[in-house]
1. On full extension of the chain, what length is gained from LEU346 through ALA255, given 0.36 nm per residue of separation minus the C-alpha to C-alpha distance?
2. How many nm is it between the label spots at LEU306 and THR277, if each spot is 7 Å from the Cα in line with the beta carbon?
3. Provide the per-residue ³J(HN,Hα) series for the stretch 17-25, in order, calculated from phi with Karplus coefficients 6.51, -1.76, 1.60 and θ = phi - 60°, each as a whole number of Hz, with x at glycine and proline positions.
4. When N is the residue count of the stretch 230-358, what does its C-alpha Rg come to as a fraction of 2.2 N^0.38 Å?
5. What order do PHE54, PHE278 take when sorted by accessible area (1.4 Å probe), most exposed first?
6. Once Rh for the stretch 1-78 is found with the Kirkwood sum over Cα pairs, what is the Stokes-Einstein diffusion coefficient at 37 °C and 0.692 mPa s, in µm²/s?
7. With the other protein chains left in place, how much accessible area per residue, in square angstrom, belongs to the stretch 67-171 at a 1.4 angstrom probe?
8. Please report, in cubic angstrom per residue, the volume enclosed by the convex hull of the alpha-carbon atoms of the stretch 114-172.
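The values are calculated or read from the model by the stated rules, or taken from the named source; none is laboratory data. Note that the structure is predicted; figures quoted are calculated from it, not measured. All Cβ positions, glycine included, derive from the backbone under ideal geometry; neighbour counts span all protein chains shown. When the accessible area is computed, the model is the full protein with side chains, heavy atoms only, and any ligands, DNA or RNA have been set aside. Shrake-Rupley method; radii C 1.70, N 1.55, O 1.52, S 1.80 Å.
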Amino acid sequence: MLARLARLAPPEARLALVGGAVRDALLGQTPLDLDLVVEGAEVEDLARATGLRFLFHPAFHNATLTLEDGRGVDLVRSRREHYPLPGHNPQPEPGTLEDDLRRRDFSVNALALKLPAPGERPTLLDVVGGLGDLVRGELRPLHAGSLRDDASRLVRGARIAARLGLRAAPELLAQVPDALAAAQHTPRLWAELRLLLTEPRPGAALRTLRDWGAGGLLPGLDLLMALDARQDAGTPVSPQVYAAAALHAAPDPAALAGQLGLGDKPLRLLSRARSDTFSASGTPERLLRELLRPESYPPLTGKEVLALGVAPGKAVGAALAHLAALRRSGEVRNVQEERAALRAYLGAPAELQEVKKP
């Protein structure tokens, strides 16, 4: 696909694979996101020439191609940009490939593989020393005001550092106070925090933020770290579970869910995990409940109360409601105590077998 794009471009154009794809390939990993910078050619014309489905973004003259296997490739017009105010969208203007690399967030994300013309070999472009930083395992912002201009870069940096095992350069740590001061004026920061919850180990990413002095951007570090430990032990943990754990630690879970743009699924999951509703082993509700309420246990089910002698029909619901009330009041603390309470309930006269109020 890359070779085909290079052939379709006019002779004077320069195309380069940039950013995370180059970084990850140099680390021996499979790149997931493909970003191509185009200099000297119209992005929309090039996208159309591929014959693939694409979406053109006229504000930045970018296009997103959809490959036959469903993956996306972003074609980006090379540009310079400046931030009129911290947290606001940058103002772009046309620039060279080198300009485009210098406008980026971190040096390890400013590496480029220039696609060759026919008969040439691809070349690695490193105009800001990113390769040396990658070898040293260091994450360095490109500009003195990089994190002040866009505080979301702080969260993105923590995600990258945790995932790739990079340490923060002194220049990065020096910019953290300015980034925190600009955070409330940076709407993109919430999108980056939402992406943090989809990282392979979100707890490690949030711990990195804490170590940099920015752990207050998202609550729930201890819970997220506990979920990381579950994953390390072989238990799959979905982003929804991580999101629900973060919401649990928030003073106003619904407000945080709205800021992060999470929708209502994590809130519903959190509500089920906090309840006494039966959840089978291995379900997200059960996993989260075990962390939020270590003292909780799987309560008796309708099938089990039938087996213990409750008559079929409405009596099953009444017995389950009685046991739920005992759980809420703390009068039963395990399934053995539930069985004993049920036997006592069944032995009481019918007129006394009322649902106990919490």
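1. On the way: separation 91, 0.36 × 91 = 32.76 nm, distance 4.48 nm.
Taking 0.36 nm per residue and subtracting the Cα distance, the gain is 28.3 nm.
2. Label-label distance for LEU306 and THR277, simple model: 2.1 nm.
3. Result, rounded to whole Hz: 6, 10, x, x, 5, 5, 4, 5, 5.
4. Values: Rg = 17.5 Å, N = 129, 2.2 N^0.38 = 13.9 Å.
Dividing the Cα Rg of the stretch 230-358 by 2.2 N^0.38 Å gives 1.25.
5. Details: PHE54 65, PHE278 105 Å².
Accessible-area ranking of PHE54, PHE278, largest first: PHE278, PHE54.
6. On the way: Rh = 12.7 Å.
Estimated diffusion coefficient is 258 µm²/s.
7. Numbers: 4720 Å² over 105 residues.
Ligands and nucleic acids excluded, the result is 45 Å² per residue.
8. On the way: hull volume 6.7 nm³, N = 59.
Per residue, the Cα convex hull of the stretch 114-172 comes to 114 Å³.
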